[in-house]
């Protein structure tokens with residue numbers, strides 16, 4: 001849907017952290033914050049929940065593990081039992097290295113793939129950059145402005161306490 | 001002037017840099033034309049690579065009879081090179097994953113290039129078992145896929161197969177880990193690219209990244225998860241490589257200490273290679289403020305530690321050979337130290353155990369010229385370690401009538417040179433086209449131990465690393 005974004009631009013990590021925390025506490029709906037690097041604590045300041053990607057990772061890793069267990073036992077004991085040094089056909093210890101490797105491989109690739117799906121990033125995507133310099137040295141808070149009750153003056157006054165450089169309105173952004 | 005905010009923490013990056021300055025510093029090396037020095041190094045490495053390609057083509061056409069192997073010594077130069085290159089790769093993952101989990105902030109200025117080194121080293125390593133197969137065009141037979149030969153499956157009880165899984169998983173995960181770290185930097189380059197072609201290339205490769213904190217939040221989660229995977233992975237890779245030897249019954253190979261011994265050796269040699277590369281790169285690319293003397297000193301400490309473990313492993317092997325009262329085991333080790341290949345054993349011991357003890361001196365750890373020479377000495381020593389383990393254990397086996405010597409042929413030496421050519425060619429291309437320093441990660445540690453235009457009064461329950469030690 002279309003909405004207007006109200007941006008506040010900052011120049012360093014502490015200002016953006018404090019501004020975000022204050023904005024969130026004041027009850028504004030934060031659309032997103034844009035930073036040139038991962039600012040630690042920003043997810044708490046924005047009130048984001050822990051990512052569920054860890055569960056996706058667990059699911060993929062478990063799939064890899066089960067696949068490796070199944071494939072090795074099926075091949076080694078059922079489809080083509082091969083006598084190696086008189087050892088039992090279903091010898092788990094010998095299967096552990098491949099079980100471990102496939103767990104890591106499928107868990108790792110799966111969680112990366114999930115992240116790209118979830119964040120809607122893909123090769124060749126045309127970027128939407130809210131403010132120039134946001135991948136260099138600018139930190140930007142974007143608020144959603146959906147109705148007339150949004151008081152941009154009050155927001156600006158709040159942000160000015162945290163050394164805001166500039167406030168800006170982005171019209172009609174498709175979110 | 002930089003002001004220390006904390007008495008306990010020293011800034012990781014020297015020079016009082018602004019955020020934008022880091023982008024400029026790193027991007028500038030990509031934006032200016034290559035220097036004469038770069039062309040010189042590139043020409044040299046590329047020539048080595050051409051020699052290697054010629055040698056490999058020849059031995060694939062004629063067969064591995066072109067090597068110096070014989071009935072007794074069935075593994076020698078080729079497998080030595082394989083283990084050497086896999087080992088080199090380990091430092092990159094240690095820096096990118098293990099030091100990340102241990103919150104070692106200094107890793108940020110070297111992790112990009114160390115990870116690139118890992119990826120390239122694993123490619124170099126992978127070539128050797130491939131050509132050792134003799135018929136490398138059938139290499140895909142090692143993958144367990146339904147086929148019309150039975151289906152005839154691979155043997156999952158063979159360490160050589162585990163090795164295939166370990167190396168290919170390691171390569172894939174390292175590459176993905178490296179690329180994930182690269183995406184935000186490619187977006188930074190995209191947003192400052194002037195030419196249309198560059199803009200398009202960076203747009204394709206940066207996946208539409210725009211610095212959204214919601215994306216960063218997921219990105220960081222995935223980064224931790226990948227680090228948590230890569231940590232046991234890197235330990236498993238060289239453990240499995242060591243099992244290629246340890247699960248056999250050859251005296252000198254059949255040892256339970258091999259996995260930790262190989263892993264320590266791998267990290268030892270990998271850090272030596274990182275130092276070789278970084279000491280050149282920081283000078284040539286002018287990154288002395290990013291890759292500081294403190295970085296070099298810390299890496300030297302890692303080398304000292306892992307080198308100590310390697311020395312302990314040498315001593316343990318000798319002790320166990322005596323203590324086991326196993327005739328063949330004892331002979332294997334006496335033969336190593338005093339037999340016809342004693343020279344290679346003593347090169348190994350001096351380069352890996354004796355000479356590195358000089359690193360106990362702080363003055364030497366902080367002397368760039370000394371550390372550079374040391375890193376090359378260790379690289380040589382670690383190559384010989386693998387040569388000693390492989391060749392001296394094989395060449396005098398159980399039956400004196402089948403004892404033999406081994407001498408590499410020119411083709412084998414040319415292949416080794418070619419692998420160095422590939423390594424340096426790829427690394428030089430990396431330094432030319434990809435940000436050598438992780439811009440985004442370095443920015444994240446910039447405020448570490450430093451006070452910059454901030455008002456501490458506002459920072460209540462802040463998550464940043466600052467501690468108000470100063471009154």
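The values are calculated or read from the model by the stated rules, or taken from the named source; none is laboratory data. All values derive from a computational prediction rather than experimental measurement. When we count neighbours, we look across all protein chains shown, and the Cβ atoms used for this are built from the backbone with ideal geometry, even at glycine.
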If you scan region B:128-163, which residues turn out to be closer than 18 Å to residue B:75 by Cβ and within 14 Å of another protein chain (Cβ to nearest Cβ)?
B:142, B:158, B:159, B:160, B:161, B:162, B:163
Tell me, which residue of region A:47-60 that is in contact with a helix residue (DSSP H, G or I) (Cβ under 7 Å, 6 or more places away or on another chain) and more than 9 Å from chain B (Cβ to nearest Cβ) is surrounded by the fewest Cβ atoms within 10 Å (Cβ to Cβ)?
A:47
Residue in region A:120-129 that is without any contact (Cβ under 8 Å) to a residue 60 or more places away in the chain and more than 10 Å from chain B (Cβ to nearest Cβ) present
no
Given (1) within 23 Å of residue B:380 (Cα to Cα); (2) surrounded by fewer than 23 Cβ atoms within 10 Å (Cβ to Cβ); (3) within 18 Å of the chain's Cα centre (by Cα), identify the lone condition not met by residue B:231.
(1)
Can you spot a residue in region A:33-45 that is in contact (Cβ under 8 Å) with a residue 40 or more places away in the chain and not in a loop (DSSP other than H, G, I, E, B)?
yes
Go over the candidates B:319, B:372, B:331, B:387 one by one and state the one that is farther than 30 Å from residue B:71 by Cβ and surrounded by 14 or more Cβ atoms within 10 Å (Cβ to Cβ).
B:372
Candidate set: region B:57-84, residues that are assigned to a helix (DSSP H, G or I) and within 23 Å of the chain's Cα centre (by Cα); chosen: the one nearest to residue B:382 (Cα to Cα)
B:84
Taking the residues in region A:85-95 that are more than 9 Å from chain B (Cβ to nearest Cβ) and out of contact with any helix residue (DSSP H, G or I) (no Cβ under 7 Å at 6 or more places or on another chain) as candidates, determine which candidate is farthest from residue B:227 (Cα to Cα).
A:86
Residues in region B:209-239 that are closer than 22 Å to residue B:320 by Cβ and within 8 Å of chain A (Cβ to nearest Cβ) total 0
Of the residues in region A:98-115, those that are under 30 Å from residue A:13 (Cα atoms) and more than 7 Å from chain B (Cβ to nearest Cβ) come to A:113, A:114
Consider residue A:82 carefully, then state whether it is outside any helix (DSSP H, G or I) and either surrounded by 15 or more Cβ atoms within 10 Å (Cβ to Cβ) or at the interface with chain B (Cβ under 7 Å from one of its Cβ atoms) (or both).
yes
Restricting to region B:178-198, give me the number of residues that are part of a helix (DSSP H, G or I), without any contact (Cβ under 8 Å) to a residue 24 or more places away in the chain and more than 10 Å from chain A (Cβ to nearest Cβ).
3
Residue match in region B:146-159 (condition: under 29 Å from residue B:269 (Cα atoms) and in a helix (DSSP H, G or I))
yes
Selection within region A:26-46 - more than 14 Å from the chain's Cα centre (by Cα) and more than 7 Å from every other protein chain (Cβ to nearest Cβ)
A:26, A:27, A:28, A:29, A:30, A:31, A:45
Restricting to region B:99-110, what's the tally of residues that are surrounded by 14 or more Cβ atoms within 10 Å (Cβ to Cβ), within 14 Å of another protein chain (Cβ to nearest Cβ) and either farther than 26 Å from residue A:102 by Cβ or modelled with pLDDT of 90 or more (or both)?
3
List the number of the failed condition for residue A:112; all other conditions in (1) modelled with pLDDT of 90 or more; (2) outside any helix (DSSP H, G or I); (3) buried (at least 20 other Cβ atoms within 10 Å of the Cβ) hold.
(2)
Here are some residues: A:23, A:63. Which one is more than 7 Å from chain B (Cβ to nearest Cβ) and crowded, with 18+ Cβ neighbours inside 10 Å?
A:23
